[in-house]
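No value in this document is a laboratory result; all are computed from the given coordinates. Please read all numbers here as calculations on a predicted model, not as lab measurements. In this analysis, Cβ positions are derived from the backbone assuming ideal geometry, glycine residues included, and neighbour counts consider all displayed protein chains.
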């Protein structure tokens with residue numbers, strides 16, 4: 001899947017390029033607006049990541065010129081946390097909007113949301129190692145034994161299971177489980193994960209729910225221990 | 001002295017109080033003079049108007065019986081010389097006698113006079129072509145007696161002097177009024193300057209009170225009582241400015257402090273890690289720890305930006321009329337695990353509806369409730385009271401807890417404010433929670449409140465409904 005990054009800040013462009021490449025995307029980088037617009041019009045990208053403040057033609061200019069000819073999904077990045085900017089970006093045809101500083105995981109999540117929108121189907125049942133989850137009847141078993149989960153715990157498990165193998169930040173977990181899309185002082189996600197972990201992994205040798213310090217959580221079956229340095 | 005000169009020059013140049021006062025004095029003087037002058041003039045005019053008639057009447061009444069009595073030429077001669085004498089004595093007086101017989105006439109009546117004499121009897125005005133002012137004339141008729149034919153007797157007085165008196169009175173009144181007005185405004189200016197002297201002193205004193213000399217105050221004792229209120233409110237404004245100024249200073253220091261500790265960790269840890277070769281695990285750990293610090297920075301910066309946008313007057317825009325009890329329930333659902341862990345119960349009482357931006361209000365509620373949970377012991381109950389107060393609704397979160405002194409209470413909504421001066425940094429809690437509650441209240445056009453009484457502490461927000 002091809003992604004175009006239009007960003008003049010060198011470090012940002014570099015880590016986005018490296019990170020997205022490692023996530024399996026084919027990425028091109030443009031360092032200024034006119035070059036970026038040219039590339040966006042010439043090739044077909046799945047998503048364009050567009051910085052607002054660019055030399056030459058700014059992000060809004062690129063977006064306007066692009067929208068005149070193409071409907072490629074666009075995620076806007078801006079250092080200015082301003083509601084007007086957000087409204088302006090979305091009104092001029094951006095599909096999503098991220099204010100700096102944003103987390104890389106957040107960006108990946110938004111990218112996936114944009115690319116998944118077209119097609120794709122939600123699974124009804126998920127199995128990871130000896131964990132088996134039925135999303136319709138909202139039941140989960142491990143090694144054949146029924147897990148006694150509360151409704152919220154099941155929601156949390158299903159969010160992690162749908163994206164198994166993928167690191168989910170606390171913010172996106174809070175958004176998907178509780179529809180809370182802002183940082184709060186309360187460490188609700190941590191507490192919820194602790195509870196889920198006690199029920200899910202407590203009595204079992206093989207741990208499935210892993211903490212990635214500073215980033216978030218991932219549900220996966222790890223054949224190789226220390227793969228992520230834990 | 002120099003600044004005084006500057007002050008007065010600016011006073012004269014601009015539309016100063018002194019100038020405006022003297023202008024108003026002039027206007028008042030003009031009105032008063034106009035009124036008095038007009039009344040005076042009318043009164044005198046009326047008096048002067050009656051004067052010629054009275055005079056003519058008086059002259060005539062003296063002559064009437066004599067004219068009545070004479071019947072021959074001999075007597076007529078006496079009368080003529082008397083009339084001549086009278087009109088020589090008083091130049092204003094004229095007499096005409098008009099009859100069919102030229103011997104019984106007086107004053108050489110020309111055709112103009114004859115025509116006039118034939119008109120109705122009584123007091124009339126006569127305009128002569130060779131004279132600027134009219135004569136006041138009493139026309140009387142005497143029937144024939146003895147040899148004398150019937151005749152008409154005209155007693156006239158020239159009104160010129162009356163008109164002239166009236167005219168000079170008018171001029172005197174106008175010029176007096178003009179002098180009066182000029183005097184009133186000049187004296188008024190002088191009086192205003194003297195009266196405004198305390199104000200000048202005050203402004204010179206106030207000029208000294210600029211940052212950083214904000215601790216001074218204007219002195220009340222030497223000032224006239226009229227300025228008391230102004231000085232008092234000026235001083236209290238100054239007090240607020242000083243408070244805001246010092247709060248801003250300590251706020252900047254707090255921000256720097258909050259950012260400095262994660263930065264110190266970041267720089268230090270990274271430097272230590274790089275001083276020698278480390279295992280991959282070690283690097284991994286340093287990076288993870290760095291990431292935690294960076295997340296902390298990000299969260300502080302995001303909160304600061306949120307507060308800044310509220311400060312700049314950003315308002316909640318996506319308002320939807322919502323049940324506040326429902327919003328509280330949603331928030332409690334989110335905090336469920338935290339409440340269970342803390343073994344704290346929450347009871348919600350009452351309900352009300354208000355237009356709110358849901359995400360913002362939830363954030364405020366989470367912060368209020370989380371703040372309450374942190375100060376509640378296991379087994380205790382937190383109360384959420386939703387009240388409809390008519391013009392506004394209030395949501396108060398009450399937890400049992402130690403008394404908070406009145407001095408701290410209102411300041412708890414300030415950024416980074418902590419009751420104990422030692423800045424204990426407990427994880428993600430960086431002292432902005434209640435400040436964000438206040439910002440959200442402001443964004444909705446509402447306010448925040450804090451109470452501490454009977455072993456219960458309540459924090460809450462009022463929202464317009």
> Can you give the extra length, in nm with one decimal, that the chain gains between residue B:17 and residue B:315 once fully stretched, where that is 0.36 nm per residue apart less the Cα-Cα distance?
Replying inline: 103.2 nm
> Gain in length, residue B:377 to residue B:405, computed as 0.36 nm per residue apart minus the alpha-carbon separation, to one decimal in nm?
Replying inline: 8.1 nm
>> Can you give me the angle between helix B:324-342 and the longest principal axis of chain B, using Cα atoms only, in degrees from 0 to 90, rounded to the nearest 10?
In response: 30
> Counting only the backbone N, which residues of region A:191-211 are under 19 Å from the spot 7 Å out from the Cα of residue A:113 toward its beta-carbon?
Replying inline: none
> For peptide B:285-291, how many partner chain Cβ atoms fall within 10 Å of a residue's Cβ, on average?
Replying inline: 3
>> Run the helix sum for chain B: -39,500 (n - 2.57) per DSSP H stretch of 4+ residues, divided by residue count, reported at 222 nm to the nearest 500 deg cm²/dmol.
In response: -20000 deg cm²/dmol
>> I need the calculated FRET efficiency for the pair residue B:39 and residue B:128, taking r as the beta carbon distance and R₀ as 30 Å, to the nearest 0.05.
In response: 0.35
> Between residue B:283 and residue B:389, how many nm apart are label points set 7 Å from Cα along the C-beta direction?
Replying inline: 6.0
>> What do you get for the angle between helix B:160-195 and the principal long axis of chain B? Use alpha-carbon atoms, 0 to 90 degrees, nearest ten.
In response: 20
> Where does region B:181-232 land on the Kirkwood hydrodynamic radius, alpha-carbon pairs, in angstrom?
Replying inline: 12.7
>> Averaged across B:335-342, how many Cβ atoms of other chains sit within 10 Å of each residue's Cβ atom?
In response: 5
>> I need the calculated FRET efficiency for the pair residue B:112 and residue B:60, taking r as the beta carbon distance and R₀ as 30 Å, to the nearest 0.05.
In response: 0.90
> What is the antiparallel percent of DSSP beta bridges lying wholly in chain B, to the nearest 5?
Replying inline: 90
>> On a full-extension model of 0.36 nm per residue, what is the gain between residue B:333 and residue B:89, subtracting their alpha-carbon distance, rounded to one decimal in nm?
In response: 75.7 nm
> Does anything in region A:191-209 have its amide N under 18 Å from the 7 Å Cα→Cβ label point of residue A:146, and if so which residues?
Replying inline: A:199-200
> Separation between the residue B:170 and residue B:75 pseudo-spin-labels, each 7 Å from Cα along Cα→Cβ, expressed in nm?
Replying inline: 4.7
> Roughly what angle does helix B:228-274 make with the longest principal axis of chain B, taking Cα atoms, 0 to 90 degrees, to the nearest 10?
Replying inline: 30
> If R0 is 56 Å, what FRET efficiency do you get for residue B:453 and residue B:271 from their C-beta distance, rounded to 0.05?
Replying inline: 0.60
> Measuring from label point to label point, each 7 Å out along Cα→Cβ, what is the residue B:235 to residue B:160 span in nm?
Replying inline: 7.7
